[in-house]
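Quick one: this structure, given as structure tokens, is what I'll be asking you about.
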Amino acid sequence: MALLEIENLQTHFRTSDGINRAVDGLSLEVRPSETLAIVGESGCGKSVTSMSILRLLPENITKTAGSIRFHGRDLLKLTESEMRGIRGNEISMIFQEPMTSLNPVLTIGRQIRETIALHRTVSRAEMDGRAKDMLALVGIPDPARRLQEYPHQLSGGMRQRVMIAIALACDPKLLIADEPTTALDVTIQAQVLELLADIQAKSKTSIILITHDLGVVAEIAHRVVVMYAGRKVEEASVEDLLTRPRHPYTVGLLGAVPKIGVGGDKMRLVEIPGLVPNLKQRIAGCVFANRCPKARDLCLEFAPALEQKAPAHVVACHFAEKEGLAA
Amino acid sequence: MSPLPSQPLLSVKNLKKHYATKFSLFGRATRVVKAVDGISFDILKGETLSLVGESGCGKSTVGKTIIGLLQPTSGEIELGGARIDNLSPDAFRAQRKRIQIVFQDPFSSLDPRMRVRDILAEPIHNFGLARNAADLKSRVDDLLDVVRLPKDAASRFPHEFSGGQRQRIGIARALAAEPDLIVCDEAVSALDVSVKAQVVNLLQDLKDRFGLALLFISHDLAIVDHITDRVAVMYLGKIVEVAPRGPLFENPLHPYTQALLSAVPTPTPGRKTSRTVLRGDLPSPANPPPGCNFHTRCPLAFDRCSRETPVLRSTGPDQMAACHLID
């Protein structure tokens with residue numbers, strides 16, 4: 001059974017010049033102890049999806065519909081206090097900016113204890129022990145000393161490790177990592193990705209990894225959902241998606257990523273012409289049609305349904321061929 | 001005197017940029033950050049040299065010193081055989097036309113209250129390149145055409161454009177002065193994958209069309225592999241390896257280059273087995289380790305590395321590395 005099931009999620013924002021359909025009919029599931037990557041470019045709705053799961057969006061301008069079932073309970077129907085019991089406890093989140101997500105005037109120890117104190121009834125000594133264990137788990141040397149320090153005394157990579165320690169302090173079932181390594185240098189990124197993979201192997205936590213970087217996806221994800229303009233356009237296992245992409249957008253994205261060693265002299269990158277559509281206007285046909293090399297009249301008129309085109313491979317494209325399926 | 005063909009366009013000799021961060025009672029510097037600590041390189045006409053390294057390695061400081069935004073602490077910068085680092089502001093103005101820069105952030109590097117037309121006209125006007133108003137207009141139109149923006153862009157403001165389009169405006173502004181060299185300081189880092197590919201391809205075309213030399217400052221090795229002729233790898237203010245693109249990516253000699261290359265995630269499934277994950281963080285440039293700067297994180301370090309600073313030595317045609325292992 002899936003740990004998290006999102007069905008037909010719609011997150012729309014009221015803005016001064018119309019409704020922004022940031023997420024428009026998204027369905028996906030996260031299975032126990034798997035890493036699901038949600039990939040897409042800025043504005044595709046990947047971060048809004050994660051904020052919708054934790055209900056961190058401003059409620060006065062947001063309209064959410066559909067359902068997000070976690071352990072069978074619909075998160076969208078819970079009261080705010082029930083939601084507080086889930087955030088940081090059963091579902092926790094790592095944000096992109098390790099520089100701004102920690103409170104600069106509180107010690108690291110205090111910030112880890114805060115999460116534990118909110119969700120567990122334990123003594124101060126137990127909390128300290130737990131905080132120290134968490135820092136050791138995320139590979140911070142000399143954890144006892146670091147607990148007394150403030151965020152500015154740590155490097156960017158260390159701060160992201162502290163964020164991970166806070167997120168894991170209550171043994172969550174689901175960890176949402178929103179661009180966890182985007183702000184880090186490559187050598188530090190490699191360390192953090194290795195850490196996330198290790199933690200998952202040890203604690204069997206499910207991870208939703210939100211990223212724009214297909215290289216990071218290849219590194220630690222099991223399955224991938226590709227989002228474009230608020231919708232899911234393709235979903236497959238990581239091997240399948242990277243070696244046999246079927247949606248023209250995914251094909252374009254993979255071609256646009258420069259790869260070391262295949263560059264050669266003056267090899268051109270694949271360009272995806274044009275721009276992401278304006279989400280404030282309703283799009284009748286396929287959301288990618290205006291940039292798609294394969295688009296025909298059909299694509300502008302009818303939105304393609306998400307269909308299974310190969311085993312465990314779902315694509316929303318009129319022209320994706322079926323393969324390997326029993327007739 | 002016309003420069004000989006073999007003479008480099010830009011020659012940087014033993015460039016240093018130190019910042020004093022703490023002073024004694026009598027104003028003597030007691031703590032000095034050596035952001036750039038004695039680097040030398042040449043750029044030939046029409047050549048692309050990439051400066052790569054992690055945050056804080058000094059690569060952006062080098063770029064800013066070359067275009068005269070920062071004064072070097074010591075060292076020489078020669079443009080076409082004549083020194084430009086010790087010129088008076090007036091004398092430097094004429095040289096500034098020859099070196100332009102494209103900044104990283106397309107949102108903050110354009111004046112929001114100027115129309116695109118005026119943004120592009122400013123350098124043309126400043127350097128007295130246009131004969132009359134009609135010439136100015138046709139130059140602006142040409143520039144927009146060259147960076148593949150529509151003609152009507154001229155009358156619009158920066159906020160009406162996407163990130164990729166703004167970066168094109170930034171590139172057009174750099175081209176407006178008809179420079180010999182453009183410093184691209186992380187010019188594509190802030191862009192989405194598909195847009196990044198468009199801008200990288202554009203830069204390559206422009207370089208071929210105008211015979212421009214580029215100093216391409218980047219942390220993204222995959223992009224560098226696509227665009228560069230030669231690469232200089234920096235670590236804590238020093239160049240640790242310089243090589244043409246082919247040898248650097250196929251046979252990196254310095255352990256830091258090797259680690260940097262192996263840390264880049266590539267969108268091919270399956271985890272890398274031969275990855276060298278560097279331990280620890282970048283040391284502070286205010287307090288660099290003794291001997292080889294890299295020995296604290298180097299997987300191959302031995303006792304000599306902590307005592308003796310390795311110098312750049314030639315290891316092959318155009319290739320140099322600073323490591324005790326290659327003696």
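The values are calculated or read from the model by the stated rules, or taken from the named source; none is laboratory data. Everything numeric here is computed off the predicted structure, so don't read it as measured data. Here the Cβ is made from the backbone with ideal geometry for all residues, glycine too, and neighbour counts use every protein chain on show.
Identify the single condition in (1) within 20 Å of A:V186 (Cβ to Cβ); (2) over 13 Å from the mean Cα position of the chain (by Cα) that B:L206 does not satisfy, given that it satisfies every other one.
Just one mismatch for B:L206, condition (1).
Let me ask something else. If you take the residues of the range A:21-44 that are surrounded by fewer than 21 Cβ atoms within 10 Å (Cβ to Cβ) and polar (S, T, N, Q), which of them is farthest from B:S162 (Cα to Cα)?
Here the residue is A:S33.
With the requirement that a residue be without any contact (Cβ under 8 Å) to a residue 40 or more places away in the chain and more than 12 Å from A:I108 (Cα to Cα), what does the range A:141-156 give you?
A:P141, A:D142, A:S155
Condition first: more than 8 Å from chain A (Cβ to nearest Cβ) and not aliphatic (A, V, I, L, M). Now tell me which residues in the range B:246-261 satisfy that.
Across the range B:246-261, the qualifying residues are B:G246, B:P247, B:N251, B:P252, B:H254, B:P255, B:Y256, B:T257, B:Q258.
Consider the range A:46-105. How many of its residues are on the phi > 0 side of the Ramachandran plot and touching a residue at least 12 places away in the same chain (Cβ under 8 Å)?
Result for the range A:46-105: 4.
Would you please name the residue that is nearest to the other protein chains (Cβ to nearest Cβ), looking only at residues in the range A:178-195 that are in contact (Cβ under 8 Å) with a residue 40 or more places away in the chain and within 14 Å of the chain's Cα centre (by Cα)?
Of everything passing the filter in the range A:178-195, A:T182 is nearest to the other protein chains (Cβ to nearest Cβ).
I've got another one for you. Give A:V224, A:V217 a once-over and let me know the one that is within 13 Å of another protein chain (Cβ to nearest Cβ), part of a strand (DSSP E or B) and either surrounded by 24 or more Cβ atoms within 10 Å (Cβ to Cβ) or not charged (D, E, K, R) (or both).
A:V224
Would you mind stating whether A:P141 is touching a Lys or Arg at 6+ places or on another chain (Cβ under 6 Å), part of a loop (DSSP other than H, G, I, E, B) and not aromatic (F, W, Y)?
Judged against the criteria, A:P141 is not a match.
Still on this structure: Among the residues of the range B:139-152, is there at least one that is touching a Lys or Arg at 6+ places or on another chain (Cβ under 8 Å), farther than 22 Å from B:G46 by Cα, free of Cβ contacts under 8 Å to residues at least 40 places away in the same chain and not aliphatic (A, V, I, L, M)?
For the range B:139-152, residues touching a Lys or Arg at 6+ places or on another chain (Cβ under 8 Å), farther than 22 Å from B:G46 by Cα, free of Cβ contacts under 8 Å to residues at least 40 places away in the same chain and not aliphatic (A, V, I, L, M): present.
OK, next. Can you pull out the residues in the range B:262-309 that are surrounded by fewer than 18 Cβ atoms within 10 Å (Cβ to Cβ), of a type in the set (G, A, S) and within 12 Å of chain A (Cβ to nearest Cβ)?
B:G270, B:G280, B:S284
Let me ask you something else. From (1) of a type outside the set (A, V, I, L, M, F, W, C); (2) over 20 Å from the mean Cα position of the chain (by Cα); (3) over 30 Å from A:P304 (Cα atoms), pick out the condition that doesn't hold for A:D17.
It fails just one condition, (3).
Would you check which residues across the range A:304-318 are surrounded by fewer than 16 Cβ atoms within 10 Å (Cβ to Cβ) and either part of a loop (DSSP other than H, G, I, E, B) or among the β-branched types (V, I, T) (or both) and list them?
Filtering the range A:304-318 for residues surrounded by fewer than 16 Cβ atoms within 10 Å (Cβ to Cβ) gives A:305, A:307-308, A:311-312.
Scanning the range A:304-318 gives A:A305, A:P311, A:A312.
Looking at A:E126, is it exposed (fewer than 15 other Cβ atoms within 10 Å of the Cβ), in a helix (DSSP H, G or I) and acidic (D, E)?
On the way: exposed (fewer than 15 other Cβ atoms within 10 Å of the Cβ): yes; in a helix (DSSP H, G or I): yes; acidic (D, E): yes.
For A:E126, the condition - exposed (fewer than 15 other Cβ atoms within 10 Å of the Cβ), in a helix (DSSP H, G or I) and acidic (D, E) - is met.
Somewhere in the range A:255-268, is a residue modelled with pLDDT of 85 or more and either in a helix (DSSP H, G or I) or touching a Phe, Trp or Tyr at 6+ places or on another chain (Cβ under 6 Å) (or both)?
Yes, the range A:255-268 contains a residue that is modelled with pLDDT of 85 or more and either in a helix (DSSP H, G or I) or touching a Phe, Trp or Tyr at 6+ places or on another chain (Cβ under 6 Å) (or both).
Report yes if some residue within the range B:121-143 is more than 14 Å from every other protein chain (Cβ to nearest Cβ) and in contact with a strand residue (DSSP E or B) (Cβ under 9 Å, 6 or more places away or on another chain); otherwise report no.
yes
Could you check the range B:298-327 and list, in sequence order, the residues that are in a loop (DSSP other than H, G, I, E, B) and modelled with pLDDT under 90?
Correct list: B:P317, B:D318, B:I326, B:D327.
Within the range B:212-263, count every residue that is more than 23 Å from A:M267 (Cβ to Cβ) and polar (S, T, N, Q).
The number of residues fulfilling the criteria is 1.
Shifting gears a bit: Of the residues in the range B:196-229, how many are surrounded by fewer than 21 Cβ atoms within 10 Å (Cβ to Cβ) and away from chain A (no Cβ under 11 Å)?
Matching residues across the range B:196-229 total 4.
Rundown of residues vs (1) facing chain B (nearest Cβ under 7 Å); (2) surrounded by fewer than 19 Cβ atoms within 10 Å (Cβ to Cβ); (3) under 30 Å from B:I227 (Cα atoms); (4) without any contact (Cβ under 8 Å) to a residue 40 or more places away in the chain, yes/no style:
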| position | (1), (2), (3), (4) |
| --- | --- |
| A:E235 | no, no, no, no |
| A:R246 | no, no, yes, no |
| A:A284 | no, yes, no, yes |
| A:V287 | no, no, no, no |
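State which residue is nearest to A:S203 (Cα to Cα) when the search covers only the range A:1-20 and only residues that are crowded, with 18+ Cβ neighbours inside 10 Å and of a type in the set (A, V, I, L, M).
It comes out as A:L3.
Moving to a separate point now. For the range A:271-282, what are the residues that are polar (S, T, N, Q) and either outside any loop (DSSP other than H, G, I, E, B) or within 14 Å of chain B (Cβ to nearest Cβ) (or both)?
Within the range A:271-282, just A:N278 meets the criteria.
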